[in-house]
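The values are calculated or read from the model by the stated rules, or taken from the named source; none is laboratory data. Note that the structure is predicted; figures quoted are calculated from it, not measured. With ideal geometry, Cβ positions are generated from the backbone for all residues, glycine too; neighbour counts draw on all protein chains shown. The accessibility values were calculated without ligands, DNA or RNA, using every heavy atom of the protein model including side chains. Shrake-Rupley method; radii C 1.70, N 1.55, O 1.52, S 1.80 Å.
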Amino acid sequence: MAMRQTPLTCSGHTRPVVDLAFSGITPYGYFLISACKDGKPMLRQGDTGDWIGTFLGHKGAVWGATLNKEATKAATAAADFTAKVWDAVTGDEVLTLAHKHIVKSVTFTQDSNYLLTGGNDKMLRIYDLSKPEAEPQELAGHTSAIKKALWCNNDKQILSAADDKTVRLWDRSSMEVVKSLPFDVSVSSMEYIPDGDVLVITYGKTIAFYNALSLDLIKTVDAPASIHSASLHPEKEFFVAGGDDFKLYKYDYSTKEELESYKGHFGPVHCVRFSPDGELYASGSEDGTLRLWQTAVGKTYGLWKCVLPEELVSENSDTLYCTAPEVKA
């Protein structure tokens, strides 16, 4: 089989893309939001990368971006000391939540009623979006800037990673730390998979998998380069990772074997995530682009069409060539 991975390139940003997130699967498909140092987060159709709109209003680099499951709301975290909540259908700004320092991470509860933020002032905050004027709940304990904060365990608990080289599990009701994991170096990324409560953490060249509720280690894999981000396939068949050497690595989750590596970006890969259906993964880079990659190369999906080239079709030829148009979505 002659199969070549042809990523779809999504241009439009003018600075490094530092975070991205998918919505759930909605009646209109699924969606992708990207955070960029240009201060202009973008919404795209998830399976094609087609640009839908840009959220305008931040006055500094946007470090974090997220969508709720239904893709009706977006939230962004920025260097202008604010987190913003947006109507993802109209593009209108709904709320600006003032912080004391750069905000790095935003995430909705499953019901979209609460927003969790974290950033350089070392504090986790929970905002009740129905009472935006009310003071947020604050969870103090980290001693350095918070990089990422996520809801877990049906929004009853919170996972946070900070530059103090710890990952902490918090109880939402008691607002106390349940467990803390120390690392030798700062954690570069974190992903939570609710199905099976798997926590994916990257640090240095390592991709590590933990049980999110006990913080017990499941397994680690070492990559050839320093890794900034990793994502586990929804069915847990594969995981992908990207980092300093511009490449995307795909591994078998059960055997830890490296299956493929692809170079498409022209700069370090800052973020990578699987789509909610697991058919593709998106990467964001220092080069200012997002790229969409097929999980199963050669499948007809989204803008990828599988064709049989006429000149190669003979009685005994069943070779498939996967072609994607030169897409600049």
Worksheet item: If you scan the stretch 149-158, which residues turn out to be surrounded by fewer than 24 Cβ atoms within 10 Å (Cβ to Cβ), in a strand (DSSP E or B) and either within 19 Å of the chain's Cα centre (by Cα) or free of Cβ contacts under 8 Å to residues at least 40 places away in the same chain (or both)?
Response: LEU150, TRP151, CYS152
Worksheet entry | Residue match in the stretch 74-92 (condition: in contact with an Asp or Glu (Cβ under 9 Å, 6 or more places away or on another chain), under 22 Å from GLN45 (Cβ atoms) and open to solvent by 40 Å² or more (accessible area, probe 1.4 Å)) | yes
Worksheet item: What residue, among those in the stretch 175-185 that are out of contact with any Phe, Trp or Tyr (no Cβ under 7 Å at 6 or more places or on another chain) and open to solvent by less than 60 Å² (accessible area, probe 1.4 Å), is nearest to THR109 (Cα to Cα)?
Response: MET175
Item to complete: Filter the stretch 168-197 down to the residues that are under 19 Å from THR66 (Cβ atoms) and of a type in the set (A, V, I, L, M, F, W, C), then identify the one that is farthest from the chain's Cα centre (by Cα).
Response: TRP170
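Any residue that is touching a residue at least 12 places away in the same chain (Cβ under 8 Å), in a strand (DSSP E or B) and closer than 20 Å to GLY243 by Cβ - is there at least one of those in the stretch 164-184? Talk me through it step by step, then tell me what you get.
Pass one, the stretch 164-184, residues touching a residue at least 12 places away in the same chain (Cβ under 8 Å): 164-173, 175, 177-184.
Now drop any that are not in a strand (DSSP E or B), which leaves 166-171, 177-182.
Restricting the remaining residues to those that are closer than 20 Å to GLY243 by Cβ gives 167.
Checked the stretch 164-184: at least one residue is touching a residue at least 12 places away in the same chain (Cβ under 8 Å), in a strand (DSSP E or B) and closer than 20 Å to GLY243 by Cβ.
Quick test for you: out of GLY49, GLY24, GLY60, GLY53, pick the one residue that is assigned to a loop (DSSP other than H, G, I, E, B) and more than 25 Å from LYS147 (Cα to Cα).
Numbers: GLY24 fails: more than 25 Å from LYS147 (Cα to Cα); GLY60 fails: more than 25 Å from LYS147 (Cα to Cα); GLY53 fails: assigned to a loop (DSSP other than H, G, I, E, B).
Checking each option against the conditions leaves just GLY49.
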Worksheet item: Using beta carbons and a limit of 6 Å, which pairs, at least six apart or on different chains, have the first residue in the stretch 201-213 and basic (Lys, Arg) and the second one open to solvent by 50 Å² or more (accessible area, probe 1.4 Å)?
Response: LYS205/ASP222
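Please verify whether the stretch 127-140 includes one or more residues that are of a type outside the set (A, V, I, L, M), open to solvent by less than 70 Å² (accessible area, probe 1.4 Å) and under 20 Å from the mean Cα position of the chain (by Cα).
Looking only at the stretch 127-140, we keep the residues that are of a type outside the set (A, V, I, L, M), and these are 127-128, 130-133, 135-138.
Going one step further and asking which of them are open to solvent by less than 70 Å² (accessible area, probe 1.4 Å), we end up with 127-128, 132, 136.
Narrowing the set further to residues that are under 20 Å from the mean Cα position of the chain (by Cα) leaves none.
Checked the stretch 127-140: no residue is of a type outside the set (A, V, I, L, M), open to solvent by less than 70 Å² (accessible area, probe 1.4 Å) and under 20 Å from the mean Cα position of the chain (by Cα).
Out of LEU280, LEU292, LEU248, LEU259, report the one residue that is without any contact (Cβ under 8 Å) to a residue 24 or more places away in the chain and either aliphatic (A, V, I, L, M) or in contact with a helix residue (DSSP H, G or I) (Cβ under 6 Å, 6 or more places away or on another chain) (or both).
Values: LEU280 fails: without any contact (Cβ under 8 Å) to a residue 24 or more places away in the chain; LEU292 fails: without any contact (Cβ under 8 Å) to a residue 24 or more places away in the chain; LEU248 fails: without any contact (Cβ under 8 Å) to a residue 24 or more places away in the chain.
Criteria check complete, one pass: LEU259.
Name the single residue, out of those in the stretch 231-262 being of a type in the set (Gly, Ala, Ser) and in contact with a Phe, Trp or Tyr (Cβ under 6 Å, 6 or more places away or on another chain), that is surrounded by the fewest Cβ atoms within 10 Å (Cβ to Cβ).
Filtering the stretch 231-262 down to residues of a type in the set (Gly, Ala, Ser) leaves 231, 241-243, 254, 261.
When the remaining residues are screened for being in contact with a Phe, Trp or Tyr (Cβ under 6 Å, 6 or more places away or on another chain), the result is 231, 241, 261.
Details: SER231: 25, ALA241: 28, SER261: 18.
In this case the residue turns out to be SER261.
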Worksheet item: Do any residues in the stretch 87-103 that are touching a residue at least 40 places away in the same chain (Cβ under 8 Å) and closer than 16 Å to LYS131 by Cα have Cβ atoms under 9 Å from those of residues that are surrounded by 15 or more Cβ atoms within 10 Å (Cβ to Cβ) and of a type in the set (D, E, K, R), where the two are at least six apart or on different chains, and which pairs are they?
Response: none
Fill in: Among (1) open to solvent by less than 10 Å² (accessible area, probe 1.4 Å); (2) outside any strand (DSSP E or B), the one test that TYR281 misses
(2)
Practice prompt. Filter the stretch 93-113 down to the residues that are farther than 19 Å from ALA61 by Cβ and open to solvent by less than 70 Å² (accessible area, probe 1.4 Å), then identify the one that is farthest from the chain's Cα centre (by Cα).
Written response: LEU95
